[in-house]
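Visitor: One structure follows; several queries about it will come next.
Derivation of every value follows stated rules applied to the coordinates shown; laboratory data play no part. The shown structure was predicted, so the numbers you read here are calculated from the model rather than taken from an experiment. Glycine also receives a Cβ, built like all others from the backbone with ideal geometry; neighbour counts cover every protein chain displayed.
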Amino acid sequence: MFVNKKRNSMRMINMVVDFIHIGICIAIIVLAVIVFLSPMHNTQCYPIIFFLAAVLNFTSAYARMNRFRLGRSRSASGIAALVLGGFFLILAIISGLSVWR
């Protein structure tokens, strides 16, 4: 029986990326609710939220660039997600420096 290993590995990568997205989204929602309830007492959550958003965009960019290697528009969306992830990472660093100083 012929088994396409590349196809199975892509399915596994997609499944792992989906689980990462689900876990990070749940964490961001929980942290956002905590911050919404008491913003002045939970300022240390802001850098964590921005960092998780950066990780979410980096995994999304990885999946898009891996999945669509040949198409220009698909790789452009991966590059856009990569740039947005970098922006969120910079926001996480700036907010972390301002909160934990």
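Visitor: Under 10 Å, Cα contacts only: if you run a Gaussian network model on the chain, which one of Leu37, Leu52, Leu91 comes out with the highest mean-square fluctuation?
Guide: Checking each option, the largest mean-square fluctuation is seen for Leu37.
Visitor: Give the residue from Gly78, Ile34, Trp100 lying farthest towards the positive end of the charge dipole for region 9-101; charges sit on Cβ (+1 for Lys and Arg, -1 for Asp and Glu) and the dipole is referred to the Cα centre.
Guide: Gly78
Visitor: Another question about this same structure. Mind putting a number on the dipole of the chain about its Cα centre? Charges go on the C-beta only, +1 for Lys and Arg and -1 for Asp and Glu, and I need it in Debye to the nearest 20.
Guide: 680
Visitor: Shifting gears a bit: To the nearest 10 degrees, how steep is helix 72-99 against the longest Cα principal axis of the chain, on a 0 to 90 scale?
Guide: With both axes taken from Cα atoms, the answer is about 20 degrees.
Visitor: What is the helix-to-structure angle for 45-67, meaning the angle in degrees between its Cα long axis and the longest Cα principal axis of the chain, kept from 0 to 90 and rounded to the nearest 10?
Guide: Roughly 10 degrees, rounded to the nearest 10.
Visitor: Using only the alpha-carbon atoms of the chain, report the extent along each of the three principal axes, biggest first, to the nearest angstrom.
Guide: Extents along the principal axes: 60, 28, 19 Å.
Visitor: Does anyone have the angle between helix 5-37 and the longest principal axis of the chain? Alpha-carbon axes, 0 to 90°, nearest 10?
Guide: It works out to around 10 degrees.
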